[in-house]
1. If you put +1 on each Lys and Arg Cβ and -1 on each Asp and Glu Cβ, how big is the dipole of region 59-195 around its Cα centre, in Debye rounded to 20?
2. Considering only protein heavy atoms, what per residue accessible area in square angstrom results for the chain with a 1.4 angstrom probe?
3. From zero outward in steps of 5 Å, how is the percent of C-alpha pairs of the chain spread across the bins?
4. Cα centroids of region 120-140 and region 150-195: how far apart, whole angstrom?
5. What do the square roots of 5 times the Cα gyration tensor eigenvalues come to for region 70-133, in whole Å, largest first, as semi-axes of the equivalent ellipsoid?
6. Could I have the simple spin-label model distance between Ser35 and Glu190, label points 7 Å from Cα toward Cβ, reported in nm to one decimal?
7. Which ³J(HN,Hα) values, rounded to whole Hz and listed in residue order, are derived for region 85-90 from phi using the Karplus coefficients 6.51, -1.76 and 1.60 in 6.51 cos²θ - 1.76 cosθ + 1.60 with θ = phi - 60°, glycine and proline given as x?
8. Under a 10 Å cutoff between Cα atoms, tell me which one of Val51, Val164, Val82 has the largest fluctuation in the Gaussian network model of the chain.
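The values are calculated or read from the model by the stated rules, or taken from the named source; none is laboratory data. Small disclaimer: the values here were computed from a predicted structure and weren't measured. Here the Cβ is made from the backbone with ideal geometry for all residues, glycine too, and neighbour counts use every protein chain on show. Accessible surface areas use protein heavy atoms only, side chains included; no ligands, DNA or RNA. Shrake-Rupley method; radii C 1.70, N 1.55, O 1.52, S 1.80 Å.
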Amino acid sequence: MATTEASQRQVPAQNPERDMFGRPVGPTRRRLLGSLAAGWALFGLGAGAGVIGMVRFLFPNVLFEPPSSFKAGPPMDYGEGVDERFKDTMGTWLVRVLSDPLSGRSGVPGIFALSTTCTHLGCIPSGLAADQKFKCPCHGSGFRQSGMNFEGPAPRPLERYRIVRADDGQILVDKSQKYQWEKQQWNAPEAFLKV
């Protein structure tokens, strides 16, 4: 028995639960079981993500950073000017000067440790030896070798770190103790090492 196109159009009219190709329309057992399986699969994925999140929460976030204090060798290893030996590893410039009038030590030779973090947005300035300054590549802040800001958007000078002579005669820099110029802390005894 051959079916014609006209007879196929009449199938939905005769049996409203089937489409024009004879497939059942509406809820069936197969569709119900498929929907249940998809629902349980989504629930299982959500529960698994929650369990992974809870297990991850049980382990602490550990950030391995370099130690906050380090020995920088004997003072005679440093010539006048900026030493960039510890810029990349410890984030510190060691500056040897013949006089530091900004800290109230005019005519007193010594060394101070300067932070390499710009006080504007935390970028790392580059040392320009020819111009005797530090220049921030992000927004153009400029700092003198003393750490004093003189151009750009930086709101305050660079910070200095605690610098003392260790028992073995080497320079000991402690980055956990910071000295800020605007708080008149640069004239603290441990913000400057007399040599």
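1. Details: 16 positive and 15 negative charges, 52 e Å.
For region 59-195, the charge dipole is close to 240 debye.
2. Working: 12720 Å² over 195 residues.
Each residue of the chain exposes 65 Å² on average to a 1.4 Å probe.
3. P(r) for the chain, in whole percents per bin: 1, 7, 11, 13, 12, 7, 4, 3, 3, 3, 3, 3, 3, 3, 3, 4, 4, 4, 3, 2, 2, 1, 0, 0.
4. 18 Å
5. Working: eigenvalues 79, 48, 26 Å².
Result for region 70-133: semi-axes of 20, 16, 11 Å.
6. The two pseudo-label positions are separated by 7.2 nm.
7. In residue order, the calculated couplings are 4, 10, 5, 7, 7, 10 Hz.
8. Residue with maximal mean-square fluctuation among Val51, Val164, Val82: Val51.
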